[in-house]
């Protein structure tokens, strides 16, 4: 089922997600819905917070992006990222391993808003997969950027928090309009 994606201004986007301790039927259903929602929205990543579920769960699929390659290493061996997509990460943690690079980012909770964000180019990731089994890998390129972006969501951090002051100032009218519209929708829904 495609779920509604909450927009900037919704308080759940600032909530730190609770750790998942058991893979319940509800979690399995949410994983399927997150994947369907991400694909329907043409996204490469989606965090549970973005569908109003403040838990440590994110999904990824970078197969459709051709102009921003990803790298993946499993057990020290190069792997083809497409062979491991879609990817589900539960309670993810990462360690930066590469130099910082600036790259373009967007966010499904910030429609039509894009900015250059500075992040480590490669990371080592530890998480649980969709079955609750531990996984570890190293990745780079778009996959590393997407994982860091969604990891931020799981901790209540938004990509606007990583923008330069001048970029944020330039985007202020669009950000203010989005936040105002979201708050108006929430107020109307609560009435």
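Nothing in this text is a laboratory measurement; each read-out follows from the coordinates by a stated rule. What you are looking at is a predicted structure, and each value in this text was computed from that prediction instead of being measured. Glycine also receives a Cβ, built like all others from the backbone with ideal geometry; neighbour counts cover every protein chain displayed.
Inter-label distance, residue 23 to residue 95: 2.5 nm, where each label sits 7 Å from its Cα along the C-beta direction.
Rounded to the nearest 0.05, what FRET efficiency do residue 68 and residue 188 give with R0 = 41 Å and r taken as the Cβ-Cβ distance? Could you check?
Taking R0 as 41 Å, the efficiency between residue 68 and residue 188 is 0.60.
For the stretch 97-191, what percent of Cα pairs sit more than 17 Å apart? Don't skip to the end; give the middle numbers.
Working: 2656 of 4465 pairs.
Tail of P(r) above 17 Å: 59 percent of Cα pairs.
Given R0 = 22 Å, the distance between the Cβ atoms of residue 116 and residue 79 translates into a calculated FRET efficiency of 0.20.
Using Cα pairs closer than 8 Å and at least 6 residues apart in sequence, work out the relative contact order for the stretch 47-120, in percent. Mind dumping the intermediate values first?
Working: 83 pairs, mean separation 18.0, N = 74.
Reported relative contact order: 24 percent.
The stretch 121-191 and the stretch 1-37 have Cα centres lying 13 Å from one another. Structural descriptor for the stretch 1-131: relative contact order 24 percent, calculated from alpha carbon pairs under 8 angstrom and at least 6 residues apart. Using a cutoff of 8 angstrom between alpha carbon atoms and counting only pairs six or more residues apart, the relative contact order for the stretch 43-88 works out to 35 percent.
Each of 168, 7, 187 was scored by other Cβ atoms within 10 Å of its Cβ. Listed from fewest to most, they are 187, 168, 7.
Can you sort 142, 89 from fewest to most other Cβ atoms within 10 Å of each residue's own Cβ? Ordered from fewest to most neighbouring Cβ atoms within 10 Å, 142, 89 come out as 142, 89. Going from the residue with the fewest nearby Cβ atoms within 10 Å to the one with the most, 38, 1, 85 rank 1, 85, 38. Inter-label distance, residue 41 to residue 179: 2.0 nm, where each label sits 7 Å from its Cα along the C-beta direction.
Helical runs (DSSP H, four residues minimum) scored at -39500 (n - 2.57) apiece and divided by the length of the chain put the mean residue ellipticity at 222 nm at -10000 deg cm²/dmol. Note on the stretch 11-190: Cα-Cα pairs beyond 21 Å make up 49% of the total pair count.
Of all the options 170, 138, 119, the one that moves most in a Gaussian network model of the chain with Cα springs shorter than 10 angstrom is 170.
Please state the equivalent ellipsoid semi-axes for the stretch 1-60: what are the square roots of 5 times the Cα gyration tensor eigenvalues, largest first, in whole Å? Intermediate results must be reported in sequence, preceding the final value.
Details: eigenvalues 55, 49, 16 Å².
Value: 17, 16, 9 Å, ordered largest first.
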